[in-house]
Amino acid sequence: MLNYAITFLLIALIAGILGFGVVAGTAAYIAKVLFVIFLVLFLASLFRSKKN
């Protein structure tokens, strides 16, 4: 999940440098969403492992 977020972040950076604003914005938004999902799953796994 984190790999996908980093990949979309890199796509957004490259597209932004090349002037593709819509592609950069969309890729950045997808990267943010994937990163938030990663954080939620990571924290859930941390709390689950503490209980056992």
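Please treat every number below as a calculation from the coordinates, not as lab data. Remember, it's a predicted structure, so these values are computed and weren't measured experimentally. Every residue, glycine as well, gets a Cβ built from its backbone with ideal geometry; the counts of neighbours run over all protein chains shown.
Some notes on this structure:
- Condition check for Leu9: over 12 Å from the mean Cα position of the chain (by Cα) and assigned to a helix (DSSP H, G or I): no
- Gly16 fulfils the conditions (1) more than 17 Å from Asn3 (Cα to Cα); (2) among the small types (Gly, Ala, Ser); (3) under 16 Å from the mean Cα position of the chain (by Cα) except for a single criterion, (3).
Every residue, every condition in (1) without any contact (Cβ under 8 Å) to a residue 60 or more places away in the chain; (2) exposed (fewer than 10 other Cβ atoms within 10 Å of the Cβ); (3) of a type in the set (A, V, I, L, M, F, W, C), yes or no:
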{"residue": "Leu9", "(1), (2), (3)": "yes, no, yes"}
{"residue": "Phe20", "(1), (2), (3)": "yes, no, yes"}
{"residue": "Thr26", "(1), (2), (3)": "yes, no, no"}
{"residue": "Leu34", "(1), (2), (3)": "yes, no, yes"}
{"residue": "Val40", "(1), (2), (3)": "yes, no, yes"}
{"residue": "Leu46", "(1), (2), (3)": "yes, yes, yes"}
